[in-house]
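Structure first, then comments.
The values are calculated or read from the model by the stated rules, or taken from the named source; none is laboratory data. As the structure is a computational prediction, the values presented were derived from the model and not from experiment. Quick reminder, even Gly has a Cβ in these numbers, built from the backbone with ideal geometry, and neighbours come from all protein chains shown.
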Amino acid sequence: MPNLVYVIVIGVLIGAGVTLLLERTLTRVLIGVILIGNGVNVLILNGGTFGAAPIVGENTTEEMSDPLPQAMILTAIVITLGITAFLLALAYRSWQLLGHDEVQDDAEDRRIIELAERDESHQDDEADEPPDPVYDDTPRKADR
Amino acid sequence: MVAPALVRWLGPKALYAVAVLPAATFAWALSHAGAMRSGGAVSESYPWVPQLGQELSFRMTTFPWVMVLLVSGIGALVLIYSAHYFSEGEIGLGRFAAVFVGFAGAMFGLVVSDDLLLLYVFWELTSVFSYLLIGHDPAKRASRWAAMQALLVTTFGGLAMLVGFIMLGEHAGTYRISEVIDQVPGGAYLVVALVMILLGALSKSAVFPFSFWLPNAMAAPTPVSAYLHAAAMVKAGVFLIGMLTPVFASDLPWQQVIWVCGSITFLFGGWTALRQTDLKLMLAYGTISQLGMISIVLGSGFRTAALAGAALLAGHALFKASLFLVVGIVDKSTGTREIYSLSGLGARRPALAAVAIVAVASMVGLPPTLGFVAKEAMLEAFWDGGAGPRAMLIVLVAGSALTVGYGMRFLWGAFATKPDYDDSPAEPVGFGFLASPALLALAGLGAGLLAAEADGLLAPYADLYPAGEHAYHLALWHGITPALGLSVIALSTGFALYLTTRRTNAWRAVKLRLTSGVVYRHALGGLDRSAIELTGRTQRGSLPFYLGVILVTLVVFAGGLLVFNGPWPFQARLFDTPLQLAAGGVIVAAAITAAIARRRLTAMILTGVSGYGVALLFIIHGAPDLALTQFLVETVTIVMFVLVLRRLPARFSERPLKKIRRLRVTIGIAVGVVAACMSWVAVNGRQAESISTLFPDLAVSYGGGHNVVNVTLVDIRAWDTMGEIAVLLVAATGVASLIFGRDRAMHRRGGSRPAPPKTGEHVRWLARPETDGTHQAIILQVVTRLLFHTIILFSIYLLFSGHNDPGGGFAGGLVAGLALAVRYLAGGRAELNAAAPIDAGRLLGTGLLVAVGTGAVSMLLGGTVLQSAILHFELPLIGDLHFVTSAFFDIGVYLIVVGLVLDILRSLGAEIDRHRESGDEPETQPTLAKEAA
């Protein structure tokens, strides 16, 4: 049976996280990732049974909460830590180089969009125009 | 594969050795002459992909046998010739040798394969190898361009052909050529299949409308051109026509398409060849023209034509290879191929001229060459064939006349002494250099003289057709026949044409833009344009855009499934204990305010609050390990944030347009709702009992521990943990490289190196703290020093007790990391170095090594990877020691987590400090200073 509090917590954490994830500021994106991570952890937790600590000897197997989701969540928590550190370093680096931590549009994609808007083909015309038919196939000597 | 090494060792002479391979093939094929004569077949078959019923099946009948002879014989001769053509130290000669042999091998495979798909594979292989050969000189643009064009055109045709093959093969239920031909489909299905196959054959053979790639392929070295034009590549197309015509000649579009395209090619190619001034280009257009003719003849589908076609094919291979090689010699010895730069060569190089004359005689069809014999047969075939073929005779005679015209012009251009021009200088020609073309030309002559013998060899192929009342035989003399008359007409007209071209000097090379070449360019340009339009539409280059698309997809599909896969379960409980409601309320409030906060610090703290709230939920749920880890992680996260945020602007940058903001919130809410519903439905959807009900017993009996979660991590699901710590290692490396990145570059430029951690230096306990000028909280420093060791001990306790009580490597490592963080926060990086006089990378590496080592050891002990072994020791004084090997794995985890935190502190803490001190600011100062003011 699902726990309604969990369901609501999941919804709010993931909803708020996604909203932040769609931002351009890297710090906000990061906070979004953390919130989503927590939300997903609760989601996994919701799949297991509620109960006492899963420690053999202190509680009986029937009383215990489900240990499997817990092991998974534990892994997830620590990985989130690693990702947080990485994104923070990325944000700092971005600030150091550019003076802000906004996620920029990809420059190459921008260039292609501009080309498309101008209805042009790319400038590298290797495939478009044949070179002058100089069929110079004289053997080459290595420059030695 | 050996070829490049040989060439490096021996230089161009190695090509002799390489030539042994095709020569051996040639000898092998010759040894089957008897079988071929009697119409037999050699077939072999090897299993390839038995699951798909694919076999490597080969079958050699008369026609393939002729091709094998040509492919291997000419291949060997061209290789020998190349040994003279290329000079010492030619770039890429080793590659040339390897690719050439590969090309010959692919061609060989193509002609003998008895499986449509196998044939297709070899077909494409020849395309690829020819691409490499044409692009022999990658430094030249013309060469790259021509290679690309040849590849695109032939693979386009090849793909179309594949479709045709599959249509035939699927209909017949087999891809064996010898079986497919018994199960021919009918109607429109067959028409489509045949057109597709013809597209492949015609594009490969450079028949209209695909002729344009072949002249450009002249960018290849001359030996390659000789081989491409004479025996390989372009011959693949006519070979396919020759192989399939016996089956499809009577089916609707086959003969008609071939005749129309072939005629255009024959005449157009001949006409263009006549107008060239470059000897090699002249031959190239000549090849196009001849291929058109051979296609017409082989595609006709009656006995005499088949005989003539096979003879024409062989004759063309011999004289065209010979002529190309002659041009190569002319080019090599005089340095030019322009007919208006060459003069008097015939007088000084009589042997070369003689070879060329014999070859041209075969080309224009003068007796007693093979060319003559074949042309007689061709004319005879079409004279006898009824009204349609007789009409074709006009084309054939006109084309032959053109052939005579450019053949004569070729001889005149290359060897004649032209009164208006000076004699061109010419280097002497070695015997070995001339041997290959001479041999080829003589072979053409010899085959003509032995026409009866040739007839016997080719007859089994021709006999695939009904013989008619009187079977035609190849011979030099048939008496005065209409065919002979037509030959004479063609010869005399051709000679007249040649005289005309000689008289008008204005017949300089005209730069011809073939219309289909223009189509090719437009097609490529159009493809390019549409690719850009499509990319421009879909690849906006904006991260939020991509994420938005992904998330909306999630909402639409997952949400849609949820809505339509009802009925929904309505069982639910509000909460297990009211405490959950309280914790949930905190989380919800914190998360929502974090999402709308405008200051970084506020958002960060609120996130932390929601994180602690989740930890509370864990405790209430009965998951103390999780709660412990979550608390610690949240704390470390906050420390990290503070370290970085002190440098970033306090406020987030300006919010974008209201519309976009609304859109984001909408997507967020939608995803949240879908996730919540998914969770609800998923939990209700459980049907089987959780596998984890077995875990508690397993944990004790196999894992030797009482804390089920911990045993799950280090034993039952240890692989997950292994992957996870690897991720941590990567993340830590990433952090370090991002922060230290620029400095490393500076070091190489001779910049200042940051002081390394003081390893080994003895620091007196509670000594006067070394301050770096920024941190003066002495009391705090002393207190943290006092506490430090206690915390570290506690972390080690957590590590080892984790097997039976809440704790474990993660929690222990995080506690130790926090101890380091406290030291750093109190005393700066000097304190950090004093607390942990070790490189973070080393710690991480050791941790991974220990963890992996544990896995390896348990494997060595005979268990599976990461299986635990429980050890019991009786130690005096201490007593019973109970030890599980997975504890070592946990130690590895511990070390990695400590290493990660240390790495973070060094990078985001100490190194950023250093950046600040050295004034390493970004150029546009953010608002931090303003905020402070």
(request) State whether one or more residues within the range B:297-310 are at pLDDT 85 or above and β-branched (V, I, T). (result) yes
(request) Could you tell me whether the range A:65-84 includes any residue that is more than 7 Å from every other protein chain (Cβ to nearest Cβ) and more than 20 Å from the chain's Cα centre (by Cα)? (result) yes
(request) Of the conditions (1) within 20 Å of B:L281 (Cβ to Cβ); (2) touching a Ser or Thr at 6+ places or on another chain (Cβ under 6 Å), B:G344 clears all except one; give me its number. (result) (1)
(request) Report yes if some residue within the range B:614-636 is facing chain A (nearest Cβ under 9 Å) and on the phi > 0 side of the Ramachandran plot; otherwise report no. (result) yes
(request) Report, by residue number, each residue of the range B:112-144 that is more than 14 Å from every other protein chain (Cβ to nearest Cβ), over 20 Å from B:L79 (Cα atoms) and assigned to a helix (DSSP H, G or I). (result) B:V112, B:L116, B:L117, B:L118, B:L119, B:Y120, B:V121, B:F122, B:W123, B:E124
(request) Return yes when B:G685 is surrounded by fewer than 24 Cβ atoms within 10 Å (Cβ to Cβ), more than 8 Å from chain A (Cβ to nearest Cβ) and among the small types (G, A, S) and no when it is not. (result) yes
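One line per residue, one yes/no per condition, for (1) modelled with pLDDT under 80; (2) in contact with a strand residue (DSSP E or B) (Cβ under 6 Å, 6 or more places away or on another chain):
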position	(1), (2)
B:T25	no, no
B:Y46	yes, yes
B:G53	yes, no
B:T61	no, no
B:V71	no, no
B:V78	no, no
B:A97	no, no
(message) Within the range B:170-197, take every residue that is under 27 Å from the mean Cα position of the chain (by Cα) and in contact (Cβ under 8 Å) with a residue 40 or more places away in the chain and give me the one that is nearest to B:D137 (Cα to Cα).
(response) B:I197
(request) Find all pairs meeting these conditions: Cβ atoms under 7 angstrom apart; at least six residues apart or on different chains; first residue within the range B:815-830 and under 17 Å from B:R914 (Cα atoms) and modelled with pLDDT of 85 or more; second residue surrounded by fewer than 21 Cβ atoms within 10 Å (Cβ to Cβ) and of a type in the set (F, W, Y). (result) none
(message) For the range B:332-346, check the following and say yes or no: at least one residue is assigned to a loop (DSSP other than H, G, I, E, B), in contact (Cβ under 8 Å) with a residue 40 or more places away in the chain, among the aliphatic types (A, V, I, L, M) and closer than 17 Å to B:P428 by Cβ.
(response) yes
(request) Tally the residues that are small (G, A, S) and at pLDDT below 85, restricting the search to the range B:229-241. (result) 3
(request) Could you list, in sequence order, all residues of the range B:620-659 that are assigned to a helix (DSSP H, G or I) and aromatic (F, W, Y)? (result) B:F631, B:F641
(request) For residues that are closer than 17 Å to B:F740 by Cβ and of a type in the set (S, T, Y), scanning just the range A:85-121, find the one that is nearest to the other protein chains (Cβ to nearest Cβ). (result) A:Y92
(request) Would you point out the residue of the range A:38-51, among those that are assigned to a helix (DSSP H, G or I) and surrounded by fewer than 24 Cβ atoms within 10 Å (Cβ to Cβ), that is nearest to the other protein chains (Cβ to nearest Cβ)? (result) A:N46
(request) Test A:L21 against the stated conditions and say whether it is surrounded by 24 or more Cβ atoms within 10 Å (Cβ to Cβ), under 28 Å from the mean Cα position of the chain (by Cα) and within 7 Å of chain B (Cβ to nearest Cβ). (result) yes
(request) Select from the range B:65-96 the residues that are small (G, A, S) and crowded, with 22+ Cβ neighbours inside 10 Å and list them in ascending order. (result) B:S72, B:G73, B:G75, B:A76, B:S82, B:A83
(request) Look at the range B:104-138 and say how many of its residues are in contact with a Ser or Thr (Cβ under 8 Å, 6 or more places away or on another chain), among the aromatic types (F, W, Y) and more than 14 Å from B:M67 (Cα to Cα). (result) 1
(request) Inspect all residues belonging to the range B:184-191 and state whether any of them is surrounded by fewer than 24 Cβ atoms within 10 Å (Cβ to Cβ), modelled with pLDDT of 80 or more and either more than 20 Å from B:L159 (Cα to Cα) or β-branched (V, I, T) (or both). (result) yes
(request) Taking the options B:A217, B:A147, B:A226, name whichever one is over 27 Å from B:T304 (Cα atoms), within 14 Å of chain A (Cβ to nearest Cβ), touching a His at 6+ places or on another chain (Cβ under 9 Å) and at pLDDT 80 or above. (result) B:A147
(message) Against the definition (crowded, with 20+ Cβ neighbours inside 10 Å and aliphatic (A, V, I, L, M)), how does B:A147 come out, yes or no?
(response) yes
(request) Residue by residue through the range B:797-814, note down the ones that are assigned to a helix (DSSP H, G or I) and surrounded by 15 or more Cβ atoms within 10 Å (Cβ to Cβ). (result) B:L798, B:L799, B:F800, B:S801, B:G809, B:F810, B:A811, B:G812, B:G813, B:L814
(request) Output the residues belonging to the range B:695-719 that are at the interface with another protein chain (Cβ under 7 Å from one of its Cβ atoms) and assigned to a helix (DSSP H, G or I). (result) B:F695, B:P696, B:A699, B:V700, B:V708, B:V709, B:T712, B:L713
(message) Go through (1) surrounded by fewer than 24 Cβ atoms within 10 Å (Cβ to Cβ); (2) over 45 Å from the mean Cα position of the chain (by Cα); (3) of a type outside the set (S, T, Y); (4) modelled with pLDDT of 85 or more for B:G405 and report which single condition fails.
(response) (1)
(message) Looking at B:T553 and the list (1) of a type in the set (S, T, Y); (2) under 17 Å from A:G37 (Cβ atoms); (3) more than 11 Å from chain A (Cβ to nearest Cβ), which single condition is not satisfied?
(response) (2)
(message) Criterion first (surrounded by fewer than 21 Cβ atoms within 10 Å (Cβ to Cβ) and modelled with pLDDT of 85 or more) does B:V121 satisfy it?
(response) yes
(message) Condition first: in contact with a Pro (Cβ under 9 Å, 6 or more places away or on another chain), assigned to a helix (DSSP H, G or I) and not assigned by TED's automatic domain parsing to the domain that holds B:G335. Can you find one or more residues in the range B:170-180 that meet it?
(response) yes
